[in-house]
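A quick write-up on the structure given underneath.
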Amino acid sequence: MSKPVFEDLFTFSGRRNRLSYILFQISIWTLILVGGTIGITISAAVSEHNDGGGAVVVLILALILLVIAVSDLAVTSQRFRDIGFTGWAALLILIPYVGFIVWIVLMFIPGTRGENRYGPDPLEIDNSN
């Protein structure tokens, strides 16, 4: 059984398997693309009135992106722990070009089978409770 996609989004501990990581990435990128498109459209419509409403929409979008970025770092650190690395390695994602390669590699490299020093295997956790 795979770890639920939206579990432990802001927890910088534990492990996350490949499927959960990939589904999380698909979810946040869909949210960013759809939400960004809607937000830009609303911001453009509101800013035509020159009353500062467009800036408020942009500020709200920026705060939402900050929350998404923090949760993405947490989930990426969990994925690094699943393959046996420290969660601090998630900061590699922030390096231009290198981060993209690391992001792709995390989707393909299998996690450590069984328990490692960061916790139990997320594929063996019983989520039926």
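The values are calculated or read from the model by the stated rules, or taken from the named source; none is laboratory data. All figures in this text were calculated on a predicted structure; none of them were measured in a lab. Heads up, the Cβs are rebuilt from the backbone with ideal geometry, glycines too, and the neighbour counts pull from every protein chain shown. For accessibility, only protein heavy atoms count, side chains too; no ligands or nucleic acids. Shrake-Rupley method; radii C 1.70, N 1.55, O 1.52, S 1.80 Å.
Observations
- Filtered by the rule that a residue be open to solvent by less than 30 Å² (accessible area, probe 1.4 Å), at pLDDT 90 or above and more than 13 Å from the chain's Cα centre (by Cα), region 88-117 gives 89, 99, 102.
- Within region 50-83, the set of residues being of a type in the set (Gly, Ala, Ser) and open to solvent by 30 Å² or more (accessible area, probe 1.4 Å) comprises 52, 55, 62, 69.
- Failed item in (1) open to solvent by 20 Å² or more (accessible area, probe 1.4 Å); (2) closer than 22 Å to residue 121 by Cβ, with residue 24 passing the rest: (1)
- Close contacts from region 1-25, counting a first residue that is on the phi > 0 side of the Ramachandran plot and of a type in the set (Asp, Glu) and a second that is outside any loop (DSSP other than H, G, I, E, B) and buried (at least 20 other Cβ atoms within 10 Å of the Cβ), with Cβ to Cβ under 7 Å and a gap of 6+ residues or different chains, come to 8/78.
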